[in-house]
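See below for the structure under consideration.
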Amino acid sequence: MMPTPLNLYSIFDYSQKMWPEKWIITRTHSGTHRYQYRDFGERVQRLSSALKALGVKPGDRVATLAWNNFRHLEAYFAIPLMGAVLHTINLRLPAEHLGYIINHAEDQVLLIDEDLLPLMVPIRDKVPTLQHLIVMGEHPNLSPNPITSTLDYEGLLAKAAPEMDYDPNWPEDAPLGMCYTSATTGNPKGVVYSHRGIALHSLAMGLANTSAISESDTVLPIVPMFHANAWGLPFSSVWFGANIVLPGPAPTPESLIRLMSEEHVSVAAGVPTVWLSVAKVLEHHQTPLYLRMVLCGGSAAPPALIRTFEQNFSIPFAHAYGMTETSPLATFSRLKSTLSGLAENEQLAIRSTQGALVPGLFMRLRRNNEDLPWDGKSMGELWFKGPWVADEYYRDPRTEDSFEDGWLKTGDVATVSPEGYVKLVDRTKDLVKSGGEWISSVDLENAIMAHPDVFEAAVIGVPHPKWDERPLAFVVLKENRQLTKEDIINLLAASFPKWWLPDDVIFLDEIPKTSVGKFLKRALRDQYHQYLAGSPPEHGAS
Ligand code: ADP
């Protein structure tokens, strides 16, 4: 067979020939921007030409600091198509981490949304590799400006050549992009994606066994484009000819619902906290939606959330799991046809697992240097291997801690059922280790969030003088609801052994979140570290 490289060119070329009439729609500060794939294709080439004219060469890192919008999508293609490396930067990083990753990646050019320029002010003198800042906006006001040497994106494109001679044989193992993932401690770690990895991951997103993205879809990636390539949706949507709807700056649940309704979105993807807040609004304001699938991942989707979408709003809800290191799709939850005879609550239990391994990957469950059986009971760390799984961190000694014998060690503890469904018990660091036994914070959280009066809940382990750690629950109630600690404990006592029950329940207005909307348990752990320090030994577990 022909050794045709699996590269971004094959995606772009096919898409331009097959789908010139498809739409890319962006919510902007001032309204809605829409254009067709053919216009997108020309602007992609203009951007590559402009970057080349600025001196960008193959292998150079070109960063983006942007919301989900059409210019960001142009960068997604223009940068790798010319052989440079697309470095998407998380716009919610603290200045210190922002400076670290720009320097670590040695970014030469940064494409930045106009409204995000203030993020660069604190680090403007600390990023020596950065030669150009290209400001993306309609008519960006570059002067007076807090940062020197800025260029106007639209001005550059207007002057640039509308055609670019991309190399169809660009090597598939060449780097296409990179993304930094947060580390438990210390600086973020860089993951480099190859053209081949992205091409195969994009195909995987189109499988009927996963999200089945196709040309009949209109896809809304709510998950930020700086977070694990917006789960690969921009690449697969462009390849398979889906219309793309981009939510633009600081989307709110209301603006997302409006967008999904007006643009007849069929697939929308985001983390559970996004769907929790969308559900909260939908419960009071029913709006016609045309979703064939809500795609949810990034942290555990509570079964109650799945039920709300499916039963209250008649919207199918799919749960998937992955990480920056796995591009990110690793498992996807769909009910096997052989299990369709199960009772409704058993089906829901399976569909709220993280799902089955995606074709193309290998998976192991490991504990104490041994492979564990897929029996639904044995708990071990998930390891992955495959063409879209990273095999190192970019120029980082921490590679040694996370990779072994060609496998990625995820740091996630799970069980795998005999049918192959992965159920995440916890991140290693989030497991509550009480008296030598493990308690799953995720299971407790899901059970609390199943209560109709609860908006969100997080459980952490805090140091305890006798048991090492004990669980502590944090609960946010829906508006105007009243629940007590005893109500929560009684709810849990119905499903869990006594020693799993949290030692205390603390009611908060909000659970602190990470930049991508996951529970920031580190903040809770820091704040409540001493909470049980003075507890008598007989407190809690028995
Ligand atoms: P960060 O570490 O910054 O959150 P990632 O986005 O790469 O970076 O997060 C990957 C982690 O998110 C996984 O290792 C896992 O712990 C968690 N995760 C992702 N998807 C799910 C899911 N569906 N259910 C539970 N946890 C998930």
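What are the extents of the Cα atoms of region 212-323 along their three principal axes, listed from largest to smallest and rounded to whole Å?
36, 30, 27
Under 20 Å from a point placed 7 Å out from the Cα of D13 along the Cα-to-Cβ direction: which residues of region 32-50 have their backbone N that close?
Only 37-49 pass the distance filter.
Provide the gained length on full extension for the span H264 to D468, in nm with one decimal, where the gain is 0.36 nm per separating residue minus the Cα-Cα distance. If you can, show how the numbers build up before the last one.
Working: separation 204, 0.36 × 204 = 73.44 nm, distance 5.16 nm.
So the extension gain works out to 68.3 nm.
Net charge near F226, counting Lys/Arg +1 and Asp/Glu -1 over other residues with Cβ under 12 Å of its Cβ?
Here the count lands on 0.
With labels modelled as points extended 7 Å from the Cα through the Cβ direction, what inter-label distance (nm, one decimal) is found for T287 paired with A208?
Distance between label points: 3.3 nm.
Roughly speaking, what is the stretch gain from H29 to L151, that is 0.36 nm per residue apart minus the C-alpha to C-alpha distance, in nm to one decimal? It would help to have the intermediate numbers written out before the result.
Working: separation 122, 0.36 × 122 = 43.92 nm, distance 2.06 nm.
Residue separation times 0.36 nm, minus the Cα-Cα distance, leaves 41.9 nm.
I'd like to know which of L176, I24, L98 lies farthest towards the positive end of the charge dipole of the chain, counting +1 on Cβ of Lys and Arg and -1 on Cβ of Asp and Glu.
Checked the options; the winner is I24.
As a quick test, which of the pairs K280/K513; K409/K498; K126/K159; K409/K429; K189/K423; K377/K409 have an alpha carbon distance above 23 angstrom in this structure?
Listed pairs above 23 Å: K409/K498; K126/K159; K189/K423.
In terms of the Cα gyration tensor, with a ≥ b ≥ c the square roots of its eigenvalues, is region 1-153 rounded because a/c is under 1.5, prolate because a/b exceeds b/c, or oblate?
Cα axes put region 1-153 in the oblate bin.
How big, in percent, is the set of alpha carbon pairs in the chain lying more than 29 Å apart?
54 percent
Amide H neighbours of G248 under 5 Å, counting only residues 5+ apart in sequence or on other chains, H built in-plane at 1.01 Å?
Placed amide hydrogens put R27, N68 under 5 Å from G248.
State the Cα centre-to-centre distance between region 110-127 and region 1-25 in whole Å.
33 Å
Could you give the nm distance between label points at H139 and A250, where each point is 7 Å from its Cα heading toward the beta carbon?
It works out to 2.3 nm between the two label points.
Suppose the chain between E479 and Y528 were pulled fully straight at 0.36 nm per residue; how much longer would it get relative to their current alpha carbon spacing?
15.1 nm
Net charge within 12 Å of A318 by Cβ-Cβ distance, Lys/Arg positive one each and Asp/Glu negative one each, not counting A318 itself? Working shown, then result.
On the way: positive: R292, R334, R351; negative: E310.
Residues close to A318 contribute a combined charge of +2.
Can you bin region 430-533 into rounded, prolate or oblate? Criterion: square roots of the alpha carbon gyration tensor eigenvalues sorted a ≥ b ≥ c, rounded for a/c under 1.5, prolate for a/b above b/c, oblate for the rest.
Oblate shape, in that a/c is at least 1.5 and b/c is the bigger or equal ratio.
Below 8 Å, C-alpha to C-alpha, sequence gap of six or more: please give me the relative contact order for the chain in percent.
Working: 1129 pairs, mean separation 56.8, N = 542.
Once divided by the residue count of the chain, the mean separation gives 10 percent.
Percent of accessible area on the chain owned by carbon and sulfur, 1.4 Å probe?
Carbon and sulfur: 52 percent of the exposed surface of the chain.
The values are calculated or read from the model by the stated rules, or taken from the named source; none is laboratory data. These figures come from a predicted structure and were not determined experimentally. FYI the Cβ positions are ideal-geometry reconstructions off the backbone, even for glycines, and counts take in every protein chain you see. SASA here: full protein model, heavy atoms, side chains in, ligands and nucleic acids out. Shrake-Rupley method; radii C 1.70, N 1.55, O 1.52, S 1.80 Å.
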